[in-house]
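J.: After the structure tokens below, expect a handful of questions from me.
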2 protein chains.
Amino acid sequence: MTNQHSKIQNQIILTGDRATGPLHLGHYVGSLRQRVTLQNYNDQTILVADMQGLTDNANTPSKVSSNILNVVADYLAVGIDPAQTTICLQSQLPALSEITMYYSNLVTIARLERNPTVKAEINNKGFNRSVPAGFLTYPISQAADITAFNASLVPVGDDQLPMLEQTNEIVRKVNSLAGKKVLSECQPLLSKSSRLPNTDGRTKMSKTMGNAINLGSSPDEITAAVKSMYTDPMHINIKDPGKVEGNVVFTYLDAFHPDGAYIESLKEHYRTGGLGDATTKRILDECLQEILKPIRQERSRLLSEPSYLLQVLEQGSRIAKSKTERTLHRIKEVFGLNLFNLE
Amino acid sequence: MTNQHSKIQNQIILTGDRATGPLHLGHYVGSLRQRVTLQNYNDQTILVADMQGLTDNANTPSKVSSNILNVVADYLAVGIDPAQTTICLQSQLPALSEITMYYSNLVTIARLERNPTVKAEINNKGFNRSVPAGFLTYPISQAADITAFNASLVPVGDDQLPMLEQTNEIVRKVNSLAGKKVLSECQPLLSKSSRLPNTDGRTKMSKTMGNAINLGSSPDEITAAVKSMYTDPMHINIKDPGKVEGNVVFTYLDAFHPDGAYIESLKEHYRTGGLGDATTKRILDECLQEILKPIRQERSRLLSEPSYLLQVLEQGSRIAKSKTERTLHRIKEVFGLNLFNLE
């Protein structure tokens, strides 16, 4: 297990997931493991982004609502501790919507259309000009999320860097309007592990592509997924030399197997010839079964107690609500709109 | 005074003004007088739209904040009674921002760009693609305002009809998603009086053009504005026949003078010849002085008591807050997002 983030401390960290499906091994490698480390020495908030999930799922809202507790169960099952990490629900934090409204006046449509991440996503989804307003403008809403918690560090993949740029642009505009520092810019915490490929080796693992190994996948599902993995199509006989690069089984072994030296020796053996895919797949299968068994069991136990999951989410949201409202108050002050307070 | 709206009753009415300047005679004729009548037999809410005012004034926010109490004073000075009408402040109603976020997922950018009202305003302001996101999307926010109060009737000029169309489209989408009637469509209440022209006769009276007779204008300012009014440029000698159409003095006399028959006889006289502009302007000046004197005095008295104005706004906002939160609750239910309630 990587421990690359163990030296990061005293940061305000905001991270989160769209609640559009259960989390999978890609999340585990790309973010969940790090969060478990980061929570020890940082003030970490995880936002379950149900409202953002709706920006491209408004016509099938149950895809979002039915996954909220799944995602919370995933968090707790991998070891995120609600006593150390604030787990909260976006739709319970009105200040996030209010801040989004204020920021919307500081960002042009042209600027949003230039955002490379959104541009790519609009293309992928085939939206073109029929993109929902909420989808084109979601970087503004993300800026609201990040700044509302006063986050100093935001874990992202490099494809998400344009989001942080846009956030920091807004921060500078607000500070310039205020004539003083009201908000702080955030820094990215780039994931050092590259994205986990799908089992076919061609796309990244994705909630929406229906090809992921979920944290809750059954032993049989895991075995089936490993068996179907792309290896080296030219490696036909066991005695032949095989290619390790692009071989999904080795990519996964690198990401998940605890014994790096052993994996290096396997790679050597595979390259030389004499190591079959059935064997490497069996080693990976055993490794994934071992990692996922306790997670699956804990996840299942948690999901049988939805009232506990709700309580975790409610307590976290209560803490988050007062944090985000303090930021909203400061932003309203910049616009001269703190005439009175109804609370 | 027109009483055309005295028969309207038992309606939920939402109306309001952007808080971007003091109100003027155009507002008085176009909406304020009607509100005084409508409040007697309807459930009327007036929204002071400070957040909407920021959509094109984010860089000069004091233009909005400094006018909030002016607008409330204008309301009370013309006879809007806070015991009959709920006067509330948009920025105090988080549910409006939250509802806007949900609706944003139901409206495409292309649809917003087709809205003729917004299109014209974007052209007028020279925004083009550098339009702030909050400005392009303000019809969504207006739909949130209207539906949050469950308004059945919305007083508008005919240039605002596309806004209500867009609102009703959203209402139908939400109801269709819910599979039942969650929201009600609204109807326009078209102002029967045409828009009051500016004193130059060419443009409509406007807060931003700096040519308006405000409700708080001093006697000298009123006289100066009347003296500068466009009449009939071909009517050079008193004895000559004059043109009444397009003659701003007569437009104003029609709008404000209580004795319609007398104005008709003046028009006849003017058309025949023998009635000078100095005389018609004196009659209009006297009429406007009489109407505006008590309003100006009351307005000035109210503005010397800002704590009372704040109290009116705070009490109204409190009532509005609970109304709008009930609607938000129903909308969140459509999206399956009422897991718990932090209040």
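The values are calculated or read from the model by the stated rules, or taken from the named source; none is laboratory data. All figures in this text were calculated on a predicted structure; none of them were measured in a lab. No Cβ is skipped: glycine too gets one built from the backbone with ideal geometry, and neighbour counts run over all protein chains shown.
J.: With B:A212, B:A224 as the choices, which residue is in a loop (DSSP other than H, G, I, E, B), within 30 Å of B:N124 (Cα to Cα) and not assigned by TED's automatic domain parsing to the domain that holds B:Y28?
T.: B:A212
J.: Looking only at the stretch A:24-66, count every residue that is over 21 Å from A:A320 (Cα atoms) and assigned to a loop (DSSP other than H, G, I, E, B) and tell me the total.
T.: Total satisfying the criteria: 8.
J.: Right, another one. Could you look through the stretch B:230-244, keep only residues that are surrounded by 13 or more Cβ atoms within 10 Å (Cβ to Cβ) and among the hydrophobic types (A, V, I, L, M, F, W, C), and pick out the one that is modelled with the highest pLDDT?
T.: Here the residue is B:V244.
J.: Still on this structure: Can you tell me which residues in the stretch B:170-197 are free of Cβ contacts under 8 Å to residues at least 40 places away in the same chain and either part of a helix (DSSP H, G or I) or within 16 Å of B:I8 (Cβ to Cβ) (or both)?
T.: Of everything in the stretch B:170-197, those that are free of Cβ contacts under 8 Å to residues at least 40 places away in the same chain and either part of a helix (DSSP H, G or I) or within 16 Å of B:I8 (Cβ to Cβ) (or both) turn out to be B:V171, B:R172, B:N175, B:S176, B:Q187, B:P188, B:L190.
J.: Scan (1) over 18 Å from B:I80 (Cα atoms); (2) surrounded by fewer than 22 Cβ atoms within 10 Å (Cβ to Cβ); (3) among the polar types (S, T, N, Q) for the single condition B:Q311 breaks and write down its number.
T.: (1)
J.: If we scan the stretch B:113-120, do we find a residue that is surrounded by fewer than 17 Cβ atoms within 10 Å (Cβ to Cβ) and at pLDDT 95 or above?
T.: No - not one qualifying residue is present in the stretch B:113-120.
J.: Out of (1) part of a helix (DSSP H, G or I); (2) under 24 Å from A:G21 (Cα atoms), the odd one out for A:Y262 is which?
T.: Looking at each condition in turn, A:Y262 falls short on (2).
J.: Only one of B:V118, B:V71 is without any contact (Cβ under 8 Å) to a residue 60 or more places away in the chain, of a type in the set (V, I, T) and touching a strand residue (DSSP E or B) at 6+ places or on another chain (Cβ under 6 Å). Can you tell me which?
T.: Details: B:V118 fails: touching a strand residue (DSSP E or B) at 6+ places or on another chain (Cβ under 6 Å).
The match here is B:V71.
J.: Follow-up. Tell me yes or no: at least one residue of the stretch B:37-45 is within 14 Å of another protein chain (Cβ to nearest Cβ) and either out of contact with any Leu (no Cβ under 7 Å at 6 or more places or on another chain) or within 25 Å of A:L96 (Cα to Cα) (or both).
T.: no
J.: Shifting gears a bit: Could you go through the stretch B:125-145 and let me know if any residue there is away from chain A (no Cβ under 14 Å), in a helix (DSSP H, G or I), under 26 Å from B:S322 (Cα atoms) and within 19 Å of the chain's Cα centre (by Cα).
T.: Checking the stretch B:125-145: not a single residue is away from chain A (no Cβ under 14 Å), in a helix (DSSP H, G or I), under 26 Å from B:S322 (Cα atoms) and within 19 Å of the chain's Cα centre (by Cα).
Rundown of residues vs (1) crowded, with 19+ Cβ neighbours inside 10 Å; (2) free of Cβ contacts under 8 Å to residues at least 40 places away in the same chain, yes/no style:
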{"position": "B:G246", "(1), (2)": "no, no"}
{"position": "B:H257", "(1), (2)": "yes, yes"}
{"position": "B:A261", "(1), (2)": "no, yes"}
{"position": "B:E264", "(1), (2)": "no, yes"}
{"position": "B:L288", "(1), (2)": "yes, no"}
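J.: Can you pull out the residues in the stretch B:142-161 that are surrounded by 22 or more Cβ atoms within 10 Å (Cβ to Cβ) and touching a Gly at 6+ places or on another chain (Cβ under 8 Å)?
T.: Of everything in the stretch B:142-161, just one residue is surrounded by 22 or more Cβ atoms within 10 Å (Cβ to Cβ) and touching a Gly at 6+ places or on another chain (Cβ under 8 Å), namely B:D145.
J.: Within the stretch B:4-16, is there a residue that is more than 15 Å from the chain's Cα centre (by Cα) and of a type in the set (V, I, T)?
T.: yes
J.: Moving on to the next point. So which residues in the stretch A:302-343 are within 10 Å of chain B (Cβ to nearest Cβ) and of a type in the set (F, W, Y)?
T.: A:F335, A:F340
J.: A further question follows. Mind listing just one residue for me: the one in the stretch B:51-88 that is of a type in the set (D, E, K, R) and away from chain A (no Cβ under 14 Å) and, of those, surrounded by the fewest Cβ atoms within 10 Å (Cβ to Cβ)?
T.: So the residue we want is B:D81.
J.: Can I ask one more? Of everything in the stretch B:309-343, what is within 25 Å of A:Y308 (Cα to Cα) and either outside any helix (DSSP H, G or I) or among the aliphatic types (A, V, I, L, M) (or both)? Give them in sequence order.
T.: B:V334, B:F335, B:G336, B:L337, B:N338, B:L339, B:F340, B:N341, B:L342, B:E343
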